[in-house]
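> Next up is a structure, given as structure tokens.
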Amino acid sequence: MSRTYLALLHYDGREFAGWQRQATGRTVQGELEGVLERLCGRRVVVAAAGRTDAGVHALGMGVSFSVPARWAAGPLQRALNGLLPRDCWVERLTAMVQGFHARKSATGRRYRYLIGTDEASASPFRRPYEWSLGRPLDGELLERAASMIAGEHDFPAFAVRRPEDRSERPYRCLIRRAEWETRAGGEGHAFHIAADRFLHHMVRFLVGTMVDIGLGRRPVEDMTTLLARLDNQATSPPAPPQGLYFVAAEYPRSWYAGDPE
């Protein structure tokens, strides 16, 4: 007998080679699976709602796994946090229905991207956690550019490689929210985006292109033009990874074994 859990995992991406297990390099998946193997006495494979790249952070990554039934949520959470490295932390464990998968069962995901436009963004206490741009951006142009990607579109111009999706529209994504806000204290801007799915590097390509628009390097109409392209050759370089945060994943109520908290 086993129990399936959804873990809400926070991690500082600075010293990770990304989420996904690799032959070499330290990964979030590798750290978590290593701790679970110690606790369960056997290999435990974990799945995440998103596969973040090196340097990308998470504030609530959904991670699923099954463990022996003797592990109740409370003791398991305490054991995980006692053994995980300091740059990882489990906020909550929730019992889920058998068959739940953090990536395949998700109906939506949310990301946030932080940009520092003030001189203080170069501080060693901020630079690892945002794009230290250090120059002003036109907020109105950012908002106009973001409004153009809302809704359902194909995003090959904002993807670094072809998706694993074998459907007729593998680049199709439904953008439910795409908004910029001004950060407190004149620190810069924050981009909030929510969608049913995201392509590899998609948020970083979008932010990099919108920043070029906000700097006056390209016209805002380019967002519409790029949405019609079948490649990323005219897209701006992706924004650096340290400003990107995986915020949360959304799951249907039917997957929860009890009341979702």
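Bear in mind these aren't lab numbers, they're just calculated from the coordinates by the rules spelled out. No experiment lies behind these values; they were computed from the predicted model shown. Note that each Cβ is placed from the backbone with ideal geometry, even for glycine, and that neighbours are counted across all protein chains shown.
> Contact order normalised by length for the chain, with contacts defined as Cα pairs under 8 Å and 6 or more residues apart; what percent is it?
Result for the chain is 24 percent.
> Region 55-98 to region 230-261: how many Å between their Cα centroids?
Cα centroid to Cα centroid, the span is 19 Å.
> Follow-up question, since we're still on this one. I need the semi-axes of the equivalent ellipsoid of region 108-247: take the C-alpha gyration tensor, multiply each eigenvalue by 5, square-root it, list largest first in whole angstrom.
Each semi-axis is the square root of five times an eigenvalue, giving 25, 16, 13 Å.
> Then there is this: Using the Kirkwood radius over Cα pairs, work out the Stokes-Einstein diffusion coefficient for the chain at 4 °C and 1.567 mPa s, in µm²/s as a whole number.
67
> Using DSSP to call loops (not H, G, I, E or B), can you name the trypsin sites (Lys or Arg not before Pro) in region 1-70 whose Cβ has at most 10 other Cβ atoms within 10 angstrom?
ARG42, ARG43
> A further question follows. Decide, for region 178-261, between rounded, prolate and oblate: order the square roots of the alpha carbon gyration tensor eigenvalues as a ≥ b ≥ c, take rounded if a/c falls under 1.5, and otherwise choose prolate if a/b is larger than b/c, else oblate. Provide the component values of the computation, followed by the final result.
On the way: a/c = 2.73, a/b = 1.59, b/c = 1.72.
Verdict is oblate for region 178-261.
> What ranking do TRP131, TRP19 get, fewest neighbouring Cβ atoms within 10 angstrom at the top? Can you show the working numbers first?
Values: TRP131 24, TRP19 27.
Listed from fewest to most nearby Cβ atoms, that is TRP131, TRP19.
> Okay, next question. Ignoring everything except DSSP H segments at least 4 long, calculate the 222 nm mean residue ellipticity for the chain; use -39,500 (n - 2.57) per segment, divide by total residues, nearest 500. Don't skip to the answer; put the middle values down first.
Details: 5 runs with 52 residues, N = 261.
One gets -6000 deg cm²/dmol as the mean residue ellipticity at 222 nm.
> If Lys and Arg each add +1 and Asp and Glu each add -1, what is the summed charge of the other residues whose beta carbon sits under 13 Å from the beta carbon of GLY62?
With Lys, Arg at +1 and Asp, Glu at -1, the neighbours total +4.
> Around HIS192, under 10 Å between beta carbons, what's the net of Lys plus Arg minus Asp minus Glu among the other residues?
Net of charged neighbours comes to +1.
> Ranked by Cβ crowding within 10 angstrom, fewest neighbours first, how are THR209, THR182 ordered?
The fewest-first ordering by Cβ neighbours comes to THR182, THR209.
> I'd like the Karplus ³J(HN,Hα) series for region 62-77: coefficients 6.51, -1.76, 1.60, θ = phi - 60°, whole numbers in Hz, and an x wherever there's a Gly or Pro.
Result, rounded to whole Hz: x, 10, 10, 6, 10, 10, x, 4, 5, 8, 7, 4, x, x, 5, 4.
> How about region 133-217: which GluC sites (Glu not before Pro) there lie in a loop by DSSP and see at most 10 other Cβ atoms within 10 Å?
On the way: sites: GLU140, GLU143, GLU152, GLU164, GLU168, GLU179, GLU181, GLU187; in loops: GLU164, GLU168, GLU187.
When the GluC sites (Glu not before Pro) of region 133-217 are filtered for loop state and at most 10 Cβ neighbours within 10 Å, GLU164, GLU168 remain.
> So, one more: Counting Lys and Arg as +1 and Asp and Glu as -1, what is the net charge of the other residues whose Cβ lies under 13 Å from the Cβ of VAL46?
Working: positive: ARG21, ARG43, ARG51, ARG103; negative: GLU31, GLU33, GLU37.
Charge balance in the 13 Å sphere: +1.
> Residue by residue through region 122-138, what is 3J(HN,Hα) from phi via Karplus (6.51 cos²θ - 1.76 cosθ + 1.60, θ = phi - 60°)? Round to whole Hz and write x for glycine and proline.
7, 4, x, 8, 10, 3, x, 10, 7, 7, 7, 6, x, 8, x, 10, 7
> Tell me, TYR171, TYR5 in order of fewest to most beta-carbon neighbours within 10 Å? Kindly include the intermediate steps, with their values, before the conclusion.
Details: TYR171 18, TYR5 25.
So the residues, fewest neighbours to most, are TYR171, TYR5.
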